[in-house]
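Right, one structure below, let's go through it.
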Amino acid sequence: MCGIVGYIGKQDAFPIIINGLKRLEYRGYDSAGVALLNGSLNIYKCKGKVNDLIQFTKGKKLEGTIGIGHTRWATHGPPNDINAHPHTGKSDKLAIIHNGIIENYAPLKEELIKRGHSFESDTDTEVLIHLIEEVMDKEQVSLEEAVRLALQGVVGAYAILVVGEDNPRKIVAARKSSPLVVGIGEGEFFIASDATPIIEHTRNVVYLNDEEIAVIDLENGLSIKNIQNQDKAPFVQELEWNLEMLEKGGYDHFMLKEIHEQPRSIRDSMRGRLNPAIGNVRLGGIKEYKQKLVNAKRIIIVACGTSWHSGLVGEYLFEDLARIPVEVEYASEFRYRNPIIDEDDVVIAISQSGETADTLAAINLAKSRGATVLGICNVVGSSIARVTHAGAYTHAGPEIGVASTKAFTAQLTILTLMALTAAESRGTLRRSRYMQLLNELENIPEQITAALKLEEQIKYIAQEFKDAPNFLYLGRGYNFPVALEGALKLKEISYIHAEGYPAAEMKHGPIALIDENMPVVVLATNKSAYEKIVSNIQEVKARKGRIIAITHDDDTEIKKLADHVIQIPIVAEPLTPIVSVIPLQLLSYHIALLRDCNVDQPRNLAKSVTVE
Ligand code: F6R
């Protein structure tokens, strides 16, 4: 949430910052701004997207080889020109951009007002820059020391960049619970909320840790201290993503590209981890904790949104295959309800971004109670990947569309591998069944390729239902979480109200909604409950609901009942969600497109929810 970019070097900062902000726009897009240092401090900011900022800055003084830029997702104060970042202090000589929330901003603001400060915006960020400036003037300390001292009085989350007119060759950066990465070039540095703006310039990066303050100075390069004033040696890592992964690659939208990338991304998730020839699953990242997982009395999965849906599939997988009891928790609820956790529990935290604030907080709580915490993250070096005891990266490549697609199927792939490895060690699966699942998993990319070929049919269905005000998604067993995910995909990008339900629960309430205007998407691939699903479809039909059924290739009954049948390849039931979600992703994409919605940047949303 909120994207931050900084540049310091020999090149013009403005175009580098603007390009970087465009890459980070998926983190927030309600206003944008830059501050450029060139003798004086020039600040330009406005409501709207980065393109609006480009228009706004036409003809303005944009010189300067040092600058910071921000794209905002509003928390404190509505999206407008004044609340846009950067913000300045009393003297207008310092500028700050910020991602996160200063929780104690109200008392700080009150105190500052009493001491003669006045504020223009509604933001918490403006309070912080006033505080930094006050410390600097009062204590007569350097900019970085003022940042360090001011942050000692701050409660909350922050990733900040600060520049000052009296410090013409320096950027000060600091983070706590919101990410910051420093890219190291030849005599130049790039700072950003994640690596996507940095990749085109350098592959060498340093991820800042919580409560670290970095000073990037043209003479002395990068130095890092923590908030307790201890020096920290920068740890340089090489990025594994490349520029091509950040482009649309000929697709109209990142979401569509990411949907179509799934055969590849799932292969990458499995690479080096699955060897059906010798019946082997190897998850190197959790090697040292494998016995903890195998012997776990209970698994607790914590996640948010789409990642929570994959956690629900994880519950079915671990209980069905490995016979380990599982609870799946919304991270935001888990952390506030004093849950019972003990040392024999294994907590699995799932997060595409690896930065979701609630998931991070849930991990910290679980760790403080002695549980082992394993992560399933996509973004390498992300906060969750670093705070968990061990984990497995999904290796799906950057996901830029705000609606999560390939991250979901990659998470399911890792959960399947984890459940299979636990099942094998616990002896809970017949060898033949275990081998069948390994073989089918290895071939799942081909089944996804086949499902993607249904796109033309799905476009046609989208045309028929694009104006429906409501949708119901029904599924049983492994397909119940997929029904939830299908409904979430539709509502977040097309703004159509949709609900996902376990198919049998329909009778306990939602059936009242069904009439001739209600499209009902039924996931009907479960062999084990086929007859029951046929009955559920009959119940919808009897009330004139319009049925879009997702069935297997060999279905004979449902096609007689449904208005539309989307037939996907047959796979073993535990692997079904990886394939059955594909038509639902495509359906939501094409409906959103026909409704002229901004598919990659839906309203009010942002990827990477770094505020609670
Ligand atoms: C939905 C979506 C969100 C995220 C959720 C968790 O398409 O993208 O619901 O799944 O915000 O994000 P991560 O996985 O980054 O923790």
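With a Förster radius of 30 Å applied to the beta-carbon distance between I82 and S368, the computed FRET efficiency rounds to 0.15. In the chain, a dipole from Cβ-located charges (positive for Lys and Arg, negative for Asp and Glu) runs towards its positive end, and of G354, G475, I17 it is G475 whose Cα lies farthest in that direction. Extending 7 Å from the Cα toward the beta-carbon at both E327 and Q55 defines two label points whose distance is 5.2 nm.
Measuring with a 1.4 angstrom probe and ignoring ligands and nucleic acids, H497 comes out at about 90 Å² accessible.
Given the C-alpha centroids of region 543-612 and region 1-75, what is the distance between them in whole angstrom? Their Cα centres are 38 Å away from one another. Within the accessible area of region 452-598, the carbon and sulfur atoms contribute 50%, probe 1.4 Å, all protein chains present. Find the percent of Cα-Cα distances in region 3-239 that exceed 30 Å, and round it to a whole number. It works out to 15 percent of all Cα pairs. Sorting the segments 264-276, 501-513, 375-387, 239-251 by their residues' average number of neighbouring beta-carbon atoms within 10 angstrom, most packed first, yields 375-387, 264-276, 501-513, 239-251. Peptide packing: for 207-213, 601-607, the average count of neighbouring Cβ atoms within 10 Å per residue gives the ranking 207-213, 601-607, highest mean first. Any idea what angle helix 576-594 forms with the longest principal axis of the chain, computed on alpha-carbon atoms, 0 to 90 degrees, nearest 10? Tilt of helix 576-594: around 60 degrees. For region 55-164, the set of trypsin sites (Lys or Arg not before Pro) satisfying both a DSSP loop assignment and a count of at most 14 other C-beta atoms within 10 Å is given as K58, K60, K61, R115. A Förster radius of 22 Å, combined with the Cβ-Cβ distance separating E446 from S528, puts the computed FRET efficiency at roughly 0.40. Using equal-weight Cα scatterers in the Debye expression, the normalised intensity of the chain in log10 at q = 0.08, 0.12 Å⁻¹ is -0.59, -1.18. Region 436-481 and region 279-302 have Cα centres separated by 30 Å. Surface calculation, 1.4 Å probe, protein heavy atoms: D596 sits at approximately 140 Å² accessible.
Model label points for Y336 and E464, set 7 angstrom from Cα along the Cα-to-Cβ axis, are 4.3 nm apart.
Straightening the chain between H508 and N598 buys 28.9 nm, computed as 0.36 nm per residue apart minus the Cα-Cα spacing. Averaged over its residues, the chain has an accessible area of 37 Å² per residue, based on protein heavy atoms and a 1.4 Å probe.
For the chain, averaging the sequence separation of C-alpha pairs within contact (under 8 Å, six or more residues apart) and dividing by the residue count gives a relative contact order of 12 percent. The charge dipole of region 459-501, taken about its Cα centre with unit charges on the Cβ of Lys, Arg, Asp and Glu (plus for the first two, minus for the last two), comes to roughly 100 debye. Using the Stokes-Einstein relation with a Kirkwood hydrodynamic radius computed over Cα pairs, the translational diffusion coefficient of region 439-563 at 20 °C and a viscosity of 1.002 mPa s comes to 143 µm²/s. Cross-link reach is defined here as a Cα-Cα straight distance under 19 Å, omitting same-chain residues fewer than 8 places apart; for K61 the lysines meeting it are K10, K45, K93.
Candidate cross-link partners of K489 among the lysines, defined by an alpha-carbon separation under 19 Å and a same-chain spacing of 8 or more, comprise K257, K406, K459, K466, K607. Mean residue ellipticity at 222 nm, helices only, the chain: -10500 deg cm²/dmol; runs of at least 4 DSSP H residues each add -39,500 (n - 2.57), and the sum is divided by the number of residues.
Taken about its Cα centre, the chain carries a charge dipole of about 940 debye when Lys and Arg each add +1 at the Cβ and Asp and Glu each add -1 at the Cβ. For the chain, with the dipole built from +1 on Lys and Arg beta-carbon atoms and -1 on Asp and Glu ones, taken about the Cα centre, which of S121, S368, G39 lies farthest toward the positive end? Highest projection toward the positive end goes to S368. When you count the other C-beta atoms within 10 angstrom of each residue and take the mean per peptide, 364-372, 4-12 line up highest first as 4-12, 364-372.
The values are calculated or read from the model by the stated rules, or taken from the named source; none is laboratory data. These numbers come from a predicted model, not from an experiment. Positions of Cβ are generated from backbone atoms using ideal geometry, with glycine treated the same way; all protein chains shown enter the neighbour counts. Please note that ligands, DNA and RNA were not included when accessible areas were found on the heavy atoms of the full protein model with its side chains. Shrake-Rupley method; radii C 1.70, N 1.55, O 1.52, S 1.80 Å.
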